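Below you'll find the structure, written out as structure tokens, and then a few comments.
The values are calculated or read from the model by the stated rules, or taken from the named source; none is laboratory data. Everything numeric here is computed off the predicted structure, so don't read it as measured data. Only protein heavy atoms, including side chains, enter the accessible area calculation; ligands, DNA and RNA are left aside. Shrake-Rupley method; radii C 1.70, N 1.55, O 1.52, S 1.80 Å.
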Amino acid sequence: MLLPDTTFEPHFSIADLAKQWRLSRETIRLLIKDEAGVLRVQLGRKKTNCRYSVPESVARRVHTRLFYAATLKAA
């Protein structure tokens, strides 16, 4: 699967998205951890010590999917 080049678009951390979307950091982490296009940087040998960098296009895709899921349930 080819992904669009997201090198020069703005990237967000989990904390940034949690603040913008008013959700917990753990909820955001669960939403984006397996999403295509998200950069995962592991710091050290422990799997628990990693950072996620979410390109703007991926954040929009996840947010849109959540928004439409909420509107479909409300209808």
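In the chain, the DSSP-assigned H stretches of four residues or longer account for a calculated mean residue ellipticity at 222 nm of -14500 deg cm²/dmol, using -39500 (n - 2.57) per stretch and the full residue count as denominator.
With the contact rule set at Cα under 8 Å and sequence spacing of 6 or more, what percent relative contact order holds for the chain? Could the numbers behind the result be given before it?
On the way: 64 pairs, mean separation 24.2, N = 75.
Normalised by residue count, the contact order of the chain is 32 percent.
The translational diffusion coefficient of the chain, from Stokes-Einstein at 20 °C and 1.002 mPa s with a Kirkwood hydrodynamic radius over alpha carbon pairs, comes to 161 µm²/s. Rolling a 1.4 Å probe over the protein heavy atoms gives the chain an accessible area of 80 Å² per residue. The residues ILE32, ILE14, sorted by heavy-atom accessible surface at 1.4 Å with ligands and nucleic acids left out, run ILE14, ILE32 from largest to smallest.
Rounded to the nearest whole Hz, the Karplus-based 3J(HN,Hα) values (6.51 cos²θ - 1.76 cosθ + 1.60, θ = phi - 60°) of region 56-65 follow the sequence 4, 5, 5, 4, 5, 4, 5, 5, 4, 4, with x at glycine and proline.
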